[in-house]
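This report concerns only the one structure given below.
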Amino acid sequence: MRALLKRYRQSIALHLLLIIFGLYFLVAVLVTVVQLYKEYENTKKEFYDEIQTLPATFGKGISDSVWTYNQELLQSILQGMYNLPIVVGVKINSLDHKMDIQVGAVFNQQNQVEYYDSKGLATEQKLTGLGANALFAHEFPIYYQGPAFSQDIPLGTVTLYSNDQLVFERVKYGFILILINSVIKTFVLWFIIYFFINKHLGKPLKEFTLKISQQNSKFPQAIDLAINWTDKNELLILKDSYNQMIERVNKHQHELLELNQVLDEKVKARTRDLELAKESAELLAYSDPLTQLSNRRAFFDYGEQLLEQAYRQQNSLSLIMVDIDNFKNLNDTYGHALGDQALVAFATTLKNNLRSTDIIARLGGEEFAIMLSNLGEDNAINIAETLRLKVSQIELEHEQLSIQFTASFGVVESLPGSSNIDSLLAQADTALYFSKQHGRNKVTAYSTIANTTTINSVN
Ligand SMILES: Nc1nc2c(ncn2[C@@H]2O[C@H](COP(=O)(O)OP(=O)(O)OP(=O)(O)O)[C@@H](O)[C@H]2O)c(=O)[nH]1
């Protein structure tokens, strides 16, 4: 039942049919009721007309039996009348009241219904047959017309009673037939029309809905419906409109995708530019434009990291400070451009002779610092010596002259946990200063002069 109700709620065909045939059935019932009423009225009239004809048939017999006081004959005539299907009761009122008699259902003086058997004795209602609540009566006089009398002699009256229910009983079967006819017609038509509405509207709509729900939301496709209809009906027009819309949506989607791609490429290009700009900004911020070595800031940042790492791993780390000798002189003698050339050649020599993991930085002017990870003082001194030699071998050409220069070095080893960049630099600088003081083009280890320096400071 629940499934049927759900099916009804979900089916346009069933819904429409219920409305249409519900109304149709109501109208059919109304028309039938009106028909029944009319039939009832006609039948009632027919009854009345038939009752009107009875005096002509039974009047003479009744008059004769009343005149001759023949009770037996009167009773049998009354019984014959009572047996007629349109009569429910007969009442004779004779003038001398000697032949008064009633059979069946009749009204008394107080207009109440009373019931009598075929012998005229009062009885229960059942003997009168049909219910007599709605009696209607027809009264006619009886006369004696004998050859001895010139005039009709009034003998009394006969009242015939009939019943609405008899009328109804007669039309009832006709009405039931009409009603059954209407019900069968309604339901047969209902199922036939449901079949066709469902076939041509319900099913295609269901198919359409199913196919729409199965669409890929990103790339919807045109839909085809299994409708055998040569001309375009509303459903086919709806399907075509849907397909046109899908085509437009897909076109729009395609344009959007293309636009997205263009935008994506633009964003990527912009991101690349930004990254490059960032890289070059970082490079600028962290490198020396002339020598392409790290600058002072980078040296401090990277140096701190190396120091921490060495501390964690309990590794040795050494710092070398280098300063080109008499650089002012070089600048003043051969010009600033040659000075720059010397700085670049010097930086290249450092780079070529050190590991990529070492930090080489130009701290400012002609002053450089090198941080060597995993190297103790002895190794650092050796490297500084090599560099000193390599630097002294650099030859710069200037106006057919070969220009050479030297550099002084200060070396210090970091003791795990006791050093920071500033103190290391200060110590390396002390060693460098020592090299400068003792003839330049030298390598000095801080450890070799530390005591002397302390004593000097104390003095
Ligand atoms: N060409 C050039 N010269 C620079 C640059 N930066 C600093 N200088 C010069 O480097 C010279 C450094 O001179 P000083 O500090 O007196 O040192 P020095 O002449 O090398 O003497 P010592 O260090 O004692 O051997 C100055 O003349 C600066 O003008 C630069 O980028 N290019």
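The values are calculated or read from the model by the stated rules, or taken from the named source; none is laboratory data. Bear in mind that the values here come from a model prediction, so they are computed numbers and not experimental data. Positions of Cβ are generated from backbone atoms using ideal geometry, with glycine treated the same way; all protein chains shown enter the neighbour counts.
Just to be sure before I move on: is residue 241 out of contact with any helix residue (DSSP H, G or I) (no Cβ under 7 Å at 6 or more places or on another chain), of a type outside the set (D, E, K, R) and not in a helix (DSSP H, G or I) in the structure I sent?
Working: out of contact with any helix residue (DSSP H, G or I) (no Cβ under 7 Å at 6 or more places or on another chain): yes; of a type outside the set (D, E, K, R): yes; not in a helix (DSSP H, G or I): no.
Taking the combined requirement at face value, the residue does not satisfy it.
Can you confirm whether residue 291 is more than 18 Å from residue 429 (Cα to Cα), outside the structural domain of residue 413 (by TED's automatic domain parsing) and within 16 Å of the ligand (Cβ to nearest atom)?
Numbers: more than 18 Å from residue 429 (Cα to Cα): yes; outside the structural domain of residue 413 (by TED's automatic domain parsing): yes; within 16 Å of the ligand (Cβ to nearest atom): yes.
Spelling it out, residue 291 is indeed more than 18 Å from residue 429 (Cα to Cα), outside the structural domain of residue 413 (by TED's automatic domain parsing) and within 16 Å of the ligand (Cβ to nearest atom).
In this structure, does residue 104 turn out to be modelled with pLDDT under 85, more than 60 Å from the chain's Cα centre (by Cα) and surrounded by 14 or more Cβ atoms within 10 Å (Cβ to Cβ)? Lay out the reasoning, then the answer.
Working: modelled with pLDDT under 85: no; more than 60 Å from the chain's Cα centre (by Cα): yes; surrounded by 14 or more Cβ atoms within 10 Å (Cβ to Cβ): yes.
Here the answer is no, as residue 104 does not meet what is asked.
Among the residues of segment 309-318, write down those that are surrounded by 13 or more Cβ atoms within 10 Å (Cβ to Cβ) and in a helix (DSSP H, G or I). Before the answer, list the steps.
Filtering segment 309-318 for residues surrounded by 13 or more Cβ atoms within 10 Å (Cβ to Cβ) gives 309-311, 315-318.
Residues satisfying the conditions are 309, 310, 311.
Report whether or not residue 347 is aliphatic (A, V, I, L, M) and within 14 Å of the ligand (Cβ to nearest atom). Write out each step before concluding.
Working: aliphatic (A, V, I, L, M): yes; within 14 Å of the ligand (Cβ to nearest atom): yes.
For residue 347, the condition - aliphatic (A, V, I, L, M) and within 14 Å of the ligand (Cβ to nearest atom) - is met.
What are the pairs, 6+ residues apart or on separate chains, where a residue within segment 223-252 that is more than 13 Å from residue 212 (Cα to Cα) has its Cβ under 8 Å from a residue that is of a type in the set (Val, Ile, Thr)?
233/227; 235/227; 236/227
Given 307, 319, which one is more than 16 Å from the ligand (Cβ to nearest atom), under 21 Å from residue 440 (Cβ atoms) and in contact (Cβ under 8 Å) with a residue 60 or more places away in the chain? Let's see the steps before the verdict.
Numbers: 307 fails: under 21 Å from residue 440 (Cβ atoms).
Residue meeting the stated conditions: 319.
How many residues does segment 80-97 contain that are among the polar types (S, T, N, Q) and buried (at least 16 other Cβ atoms within 10 Å of the Cβ)? Break it down into steps so the answer makes sense when it comes.
Taking segment 80-97 first, the residues among the polar types (S, T, N, Q) are 83, 93-94.
With buried (at least 16 other Cβ atoms within 10 Å of the Cβ) added as a condition, the list becomes 93-94.
Total meeting the criteria: 2.
One residue is enough: does segment 336-355 have a residue meeting the conditions modelled with pLDDT under 95, buried (at least 19 other Cβ atoms within 10 Å of the Cβ) and not hydrophobic (A, V, I, L, M, F, W, C)?
Looking for residues that are modelled with pLDDT under 95, buried (at least 19 other Cβ atoms within 10 Å of the Cβ) and not hydrophobic (A, V, I, L, M, F, W, C), one finds none in segment 336-355, hence no.
Look at residue 332 and say whether it is closer than 21 Å to residue 435 by Cα, of a type in the set (Asp, Glu) and either within 11 Å of the ligand (Cβ to nearest atom) or not assigned by TED's automatic domain parsing to the domain that holds residue 430 (or both).
Values: closer than 21 Å to residue 435 by Cα: no; of a type in the set (Asp, Glu): yes; either within 11 Å of the ligand (Cβ to nearest atom) or not assigned by TED's automatic domain parsing to the domain that holds residue 430 (or both): yes.
Taking the combined requirement at face value, the residue does not satisfy it.
Quick one: residue 183 ticks every box in (1) touching a Phe, Trp or Tyr at 6+ places or on another chain (Cβ under 8 Å); (2) surrounded by 15 or more Cβ atoms within 10 Å (Cβ to Cβ) except a single one, so which number is it?
Exception for residue 183: condition (2).
Can you name the number of the only condition in (1) surrounded by 20 or more Cβ atoms within 10 Å (Cβ to Cβ); (2) closer than 21 Å to residue 331 by Cα; (3) hydrophobic (A, V, I, L, M, F, W, C); (4) at pLDDT below 95 that residue 405 fails?
Every condition holds for residue 405 apart from (4).
Residues checked against (1) more than 23 Å from residue 384 (Cα to Cα); (2) surrounded by fewer than 18 Cβ atoms within 10 Å (Cβ to Cβ); (3) among the basic types (Lys, Arg); (4) modelled with pLDDT under 95:
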| site | (1), (2), (3), (4) |
| --- | --- |
| 277 | yes, yes, no, yes |
| 286 | yes, yes, no, yes |
| 292 | no, yes, no, yes |
| 298 | no, no, no, yes |
| 307 | no, no, no, yes |
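Before we move on, is residue 346 in contact (Cβ under 8 Å) with a residue 60 or more places away in the chain, among the aromatic types (Phe, Trp, Tyr), in a helix (DSSP H, G or I) and closer than 17 Å to residue 405 by Cβ? I'd like the intermediate steps shown before the answer.
Details: in contact (Cβ under 8 Å) with a residue 60 or more places away in the chain: yes; among the aromatic types (Phe, Trp, Tyr): yes; in a helix (DSSP H, G or I): yes; closer than 17 Å to residue 405 by Cβ: yes.
Spelling it out, residue 346 is indeed in contact (Cβ under 8 Å) with a residue 60 or more places away in the chain, among the aromatic types (Phe, Trp, Tyr), in a helix (DSSP H, G or I) and closer than 17 Å to residue 405 by Cβ.
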